[in-house]
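Undergrad: The structure's right below; bear with me while I get my questions together.
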Amino acid sequence: MAFAQIAWEEKQATIAELKHIQEQFAARGWLPGASGSLSARVGAYTPDTYYFAMTSSCKDKSVHTSENFLFVDASGEPCETTSLMPSADTSIHAKIYRMTGCGAIFHVHTVFSSLISEYYGDHGFIPTQSNELLKELGLWEKNAKIAIPILPNYADIPSIAKLVPEAIHPDIPGIVLRNHGVYAWGSNPPEAKRRLEAFEFIFELEYRWLALLR
Ligand SMILES: CSC[C@@H](O)[C@@H](O)C(=O)COP(=O)(O)O
Ligand SMILES: [Zn+2]
């Protein structure tokens, strides 16, 4: 399917949904300054052909204008004539869509994901066990245990994107960049949002446990 064949109404509804979620994340302080990136797919998907709405680069996420989002293709290139630049993170989003076939991806900069990913950075993962919020990630078994992958925070974002396929675990809908922030995905924007909130809860709880034990 070509981008032009996707209904205008679907594209507008997707941007409206992202705008609403961006407002909520910004109000929580999860998108400080121009940081963070949000995307959602539109139209049909094959691993080689897909389109997604992407935040544009270097925009204050607490201020919404018509310039906050643009549409890009699977290679991260704008698929309409625009003066907007897609987020620097676009290659990471594109790689996650290609690997998972998910419908939405949210990347935020939170204090707890930054602290905890730095603390466990040398291990390469954040250990988590028996946390009630793991159910939100689809893990319902008693004493469920996961290792949330941490990737290095290279300044060159395509170098991070190259590491994404190895880092993605089918049971874990997220990755963390060391001392930077977290990415979470889901089949649609509400599911990606719930999962992001679950990750953030897990990171804050882990931080507080560590502080309590000191
Ligand atoms: C403004 S910090 C840049 C990076 O942290 C990047 O990962 C990010 O979150 C946003 O980049 P941007 O290009 O403004 O969309
Ligand atoms: Zn970032």
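Just so it is clear, none of the values below were taken in a lab; they were calculated from the coordinates. Given the structure is predicted, the values throughout are model-derived calculations rather than measurements. Because the Cβ atoms are built from the backbone with ideal geometry, glycine has one as well, and the counts that use them run over all protein chains shown.
Undergrad: Taking the condition of being away from ligand 2 (no atom under 13 Å from the Cβ) and in contact (Cβ under 8 Å) with a residue 60 or more places away in the chain, how many residues in the stretch 64-110 meet it?
TA: Residues meeting the conditions: 12.
Undergrad: Additional query: Going through the stretch 112-145 one residue at a time, which ones are without any contact (Cβ under 8 Å) to a residue 12 or more places away in the chain and not in a loop (DSSP other than H, G, I, E, B)?
TA: Answer for the stretch 112-145, where residues must be without any contact (Cβ under 8 Å) to a residue 12 or more places away in the chain and not in a loop (DSSP other than H, G, I, E, B): E132, K135.
Undergrad: Out of the stretch 30-55, which residues are of a type outside the set (F, W, Y) and within 14 Å of ligand 2 (Cβ to nearest atom)?
TA: Answer for the stretch 30-55, where residues must be of a type outside the set (F, W, Y) and within 14 Å of ligand 2 (Cβ to nearest atom): L31, P32, G33, A34, S35, G36, S37, L38, S39, M54, T55.
Undergrad: Of all residues in the stretch 146-164, count the ones that are touching a Lys or Arg at 6+ places or on another chain (Cβ under 7 Å) and assigned to a helix (DSSP H, G or I).
TA: Qualifying residue count, the stretch 146-164: 2.
Undergrad: Taking the condition touching a His at 6+ places or on another chain (Cβ under 6 Å) and surrounded by 21 or more Cβ atoms within 10 Å (Cβ to Cβ), does G174 pass?
TA: no
Undergrad: For the stretch 168-214, give me each residue that is β-branched (V, I, T), within 22 Å of P158 (Cβ to Cβ) and either within 16 Å of ligand 2 (Cβ to nearest atom) or part of a helix (DSSP H, G or I) (or both).
TA: I175, V176, V182
Undergrad: Sticking with this structure for a sec: Select from the stretch 83-99 the residues that are touching a Leu at 6+ places or on another chain (Cβ under 7 Å) and assigned to a loop (DSSP other than H, G, I, E, B) and list them in ascending order.
TA: L84
Undergrad: To continue, here is another question. Taking the condition of being under 12 Å from L177 (Cβ atoms) and out of contact with any Asp or Glu (no Cβ under 9 Å at 6 or more places or on another chain), how many residues in the stretch 89-123 meet it?
TA: Selection size over the stretch 89-123: 7.
Undergrad: If R98 passes every condition in (1) more than 16 Å from ligand 1 (Cβ to nearest atom); (2) over 27 Å from E204 (Cβ atoms); (3) touching a Ser or Thr at 6+ places or on another chain (Cβ under 8 Å); (4) not β-branched (V, I, T) but one, which one does it miss?
TA: Condition (3) is where R98 drops out.
Undergrad: Only one of (1) buried (at least 17 other Cβ atoms within 10 Å of the Cβ); (2) in contact with a Phe, Trp or Tyr (Cβ under 7 Å, 6 or more places away or on another chain); (3) more than 20 Å from G103 (Cα to Cα) is not met by L151, so which one is it?
TA: (2) is the only condition that L151 fails.
Undergrad: Additional query: I need a count of the residues in the stretch 54-82 that are among the hydroxyl-bearing types (S, T, Y) and either over 17 Å from the mean Cα position of the chain (by Cα) or more than 15 Å from ligand 1 (Cβ to nearest atom) (or both).
TA: 6
Undergrad: Condition check: over 22 Å from A167 (Cα atoms), surrounded by fewer than 22 Cβ atoms within 10 Å (Cβ to Cβ) and touching a strand residue (DSSP E or B) at 6+ places or on another chain (Cβ under 9 Å). Does C58 satisfy that?
TA: No, not satisfied.
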